[in-house]
Number of protein chains: 2
Amino acid sequence: MDVCITPSKRYEGLFLVATTDFFYPLCEDPYLQGQVACANVLSDMYAQGITNIDNVLMILGVSDQMPPDERFIATHLMMKGFADLVHYAGGKVTGGQTIINSWPILGGCAKSIGKECDFIRPDQGLAGDVLILTKPLGTQPAAFMRDWSKVPCKWERAAPHLTLKELDRAFKVACASMARLNLNAAILMHKYKAHSGTDITGFGLMGDSNKLAHETADKVELIFHTLPIIKDMAKLDKPFPFFKLLKGFAPETSGALLIMIPAENADAFCRELEEMDGWPCFQVGHAIKRTTGDKNFARIVENPTIIEV
Amino acid sequence: MDVCITPSKRYEGLFLVATTDFFYPLCEDPYLQGQVACANVLSDMYAQGITNIDNVLMILGVSDQMPPDERFIATHLMMKGFADLVHYAGGKVTGGQTIINSWPILGGCAKSIGKECDFIRPDQGLAGDVLILTKPLGTQPAAFMRDWSKVPCKWERAAPHLTLKELDRAFKVACASMARLNLNAAILMHKYKAHSGTDITGFGLMGDSNKLAHETADKVELIFHTLPIIKDMAKLDKPFPFFKLLKGFAPETSGALLIMIPAENADAFCRELEEMDGWPCFQVGHAIKRTTGDKNFARIVENPTIIEV
């Protein structure tokens, strides 16, 4: 859980909710990259059901390795993409910090003033809950292969398994998915009384769902029977096992929310989110009562259903 | 003014005050560097009279150019120095983000929930105010010369003007000064009804005081008659004019607060701050009614008094 929820020392009943995140660009389109960076920062907030973003400070590293003209345009567009999406999310960029760095950096620090009722703590999941995933997995293999496709000797290794057309589609889906806010999912978490949530990040589905399981106060085992994956990325898993995508350990950038929700509300949640966002939403597993060991955990069933997206 | 003061969209009368700052290390001692980075981040808050820090997210870039052992120790100590000083300031580090980068990076994002009475807006200064500076100037030449002293062909240029002993003292004073919080100054801004303040940063005394002048609603001219400077740094100004120290344009790291305060309270403010912090505090000028032009501005008198510290 990357978000910190700090009680105000001075004003009782109020909390400061904040997160910071930044990383290196993944997309070639700087405007889109700005949006991805924003969606990635805010995702931490949305995972705790925080729908109100008061402000965001932007964190920017401008590369001294780029030609000045290119740098100027790229930086301008990245900042615009970031700020536009913050605005769309109902917040505003009110400052930040920029450094000159060898590699470009983009991210921010998002903040919200809230009361207990404004957020959904990550420990409230229950055995019997359905697990919902709001985005498909597979952003890492898509971005990785995109890099390979530009280097002939590397692409040689991938070409027997993936056409350029397939890669192109997968990369576009990944970018659009990464740039999509988890805002509506957070709104619906309140409406459909979700018990808890996390976002899927660099730790991958298993890393983050294990963390969520550990946080959960109830004795639970999180079982995944379904993995939604960006089309054509799953078939890379055998020739390139280092992705660990089907094992659930491939890192995701600006990934899905994983939500624990009462079973009776799961259908309605997914239906309404699909209507609002125009993207599919997935029921990927459920929480059962843990009967072994002394620690909650998550696992994927032996032959999970793969849904290609 | 690097701080943003954002009204809560949801809770009337409440504001979210936040700032973010990060940069590359200046001191050789990583623990001290952590403290400098913290004092530098919080200084933005203190300049607006904010004495209550609710939490800080740490921003860290770990260098991939350092040997692993060295990196481990340096990173650990930097983080500890940072967190210890946040703790001393009454806040806590509740998260952050770390990346691997070619150069090390250290800083953070500080936040506070406040009401209007908790902060001092930067536009309230008045003609007749005294200008107070809470730390001496000259951190940049001290750090710069420290780097030069390690490269024989560079130090050759400096040696006729500065002994190694003088440099050593200046650098130690600079580090101690940079690691000192402006917290007590912020507390006293409220006690002695200061009108406004800013912190002295990478824009130097003139850059930041011009910004403060522009923010000031009253028609004012900020006149500096005194420049407190770390001992032996002023004499570098003639042989190395690029520092622009005596012109007021040398960048400062974790610099002073510059405070506009009613003349009758200036002595008491300085006396009490000196008692609390054990460092001298300086009355460096005053604000007069602006009679020319259409924009407030700051300037240094022709032959300012230099106080060596």
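We did not get these values from a lab; they are worked out from the coordinates using the rules stated. Computed from a prediction, not measured in an experiment: that's the story for all the values here. A quick note on method: Cβ atoms are made from the backbone with ideal geometry, for glycine too, and the neighbour counts reach across all protein chains shown.
Data table
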| item | result |
| --- | --- |
| Packing-based ranking, highest mean first, of A:260-266, B:66-72, A:43-49 given that Cβ atoms within 10 Å are counted | A:43-49, A:260-266, B:66-72 |
| Area projected by the alpha carbon convex hull of the range A:130-308, averaged over all directions, nm² | 10.2 nm² |
| Loop trypsin sites (Lys or Arg not before Pro), the range A:174-207, which have at most 16 other Cβ atoms in a 10 Å radius of their Cβ (DSSP) | A:K193 |
| Shielding of B:97-103 by partner chains, average beta-carbon count, 10 Å | 5 |
| Mean Cβ count within 10 Å, highest first, over the residues of peptides A:241-250, A:33-42 | A:33-42, A:241-250 |
| Eligible lysines near A:K80 by straight Cα distance, threshold 16 Å, same-chain separation 8 or greater | A:K92 |
| Under-5 Å amide H pairs with A:I306, H placed in peptide plane, nonlocal only | A:L227 |
| The range B:151-304, relative contact order [Cα under 8 Å, separation at least 6], % | 37 percent |
| Cα-based reach from A:K219 at 28 Å (exclusive), listing lysines while leaving out same-chain residues under 8 positions away | A:K115, A:K135, A:K191, A:K193, A:K211, A:K244, A:K247, A:K289, A:K295 |
| Cβ-based exposure ranking for B:F22, B:F203, in which fewest neighbours within 10 Å come first | B:F203, B:F22 |
| For the range A:1-100, alpha-carbon Rg over 2.2 N^0.38 Å | 1.19 |
| For the range B:1-88: relative contact order, % (alpha-carbon pairs under 8 angstrom, 6 or more apart) | 34 percent |
| Unpartnered cysteines - no second Cys beta carbon under 4.7 Å - across chain B | B:C4, B:C27, B:C38, B:C117, B:C153, B:C175 |
| Neighbouring partner chain Cβ atoms per residue of A:59-69, average, 10 Å criterion | 1 |
| For residues of A:46-54, the mean tally of beta carbons on other chains within 10 Å | 2 |
